[in-house]
Amino acid sequence: MPRAGLSRDAVVDLALGIVDDGGPDGFAGLTLAQVAARAGVATPSLYKHVGSLAELRREVAARAVRELAVVSSRATVGLSGADAVRAMAHAWRDHARTYPGRYAATQVGPDPDAPAHAEHRAAAAESVAVAVAALRGFGLPDDGVVDAVRAARSAVHGFVALELGGGFRMPQDLDRSFEALVTMLVAGITALSDQNS
């Protein structure tokens, strides 16, 4: 990309490509030198667009979280209860397998107090709102919804992290195992709902 074509968005786009090319470890290994090399410029040229690697990482994380929120929203629109949870879980897994570096970036939470993290916090709030909407069909109280969102995220993330990291070496079908996980997740959220009714 010629120097004249660089912008803040273009730098973030290049960084997103780099983190995905690096797989699940791509986000952790992101450097300004990599972005500059891909852009065909010297590293100091990037400082016209991003102030630091930390700032670029925040931008990448915010964009990745926002993309995952859009994917989740599209998957769950018009659904509720178990159907919404199933659709959301599959959307998360599919997105993580397609964009492993971006998915890794979604696991970094924004600082709740730092002004520089405002965009990342807004993206995270959108993502949580989609998950909350998907779980509303279970009739959980607010605290119960938070518990269910955390459980769903933890369960799917654990599976995806093991899958992307090559942690499942047994010959049994991974898709079947993921379906079993989602079935157990739905059963657990249903049980949580029954406790609160």
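Bear in mind these aren't lab numbers, they're just calculated from the coordinates by the rules spelled out. In this text the structure is predicted, and so the values were computed from the model without any measurement. When we count neighbours, we look across all protein chains shown, and the Cβ atoms used for this are built from the backbone with ideal geometry, even at glycine.
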Legend entry - Cα-centred dipole magnitude for the chain, charges only on beta-carbon of K, R (+1) and D, E (-1), debye, nearest 20: 460 debye
Inset, instruction - Using every pair of alpha-carbon atoms in region 36-163, split the distances into 10 Å bins beginning at 0 and state the percent of pairs per bin, rounded to integers. - result: 12, 38, 31, 13, 5, 0
Inset, instruction - Select from region 98-197 those chymotrypsin sites (Phe, Trp or Tyr not before Pro) which occupy a DSSP coil region and have at most 14 other Cβ atoms within 10 Å, ordered by residue number. - result: 168
Legend entry - Among 182, 44, 71 the positive-end extreme of the charge dipole of the chain (Cβ point charges): 44
Legend entry - For 184, 88, 170, order by how many other beta-carbon atoms lie within 10 Å, fewest first: 170, 184, 88
Inset, instruction - Could you pull out every whole DSSP H run in the chain that spans at least 30 Å of Cα extent along its own axis and averages -0.5 or higher on the Kyte-Doolittle scale? - result: 53-76, 142-164, 174-195
Inset, instruction - Could you line up 99, 47 from fewest to most neighbouring Cβ atoms inside 10 Å? - result: 47, 99
Legend entry - Residues 94, 142 arranged by fewest to most Cβ contacts within 10 Å: 142, 94
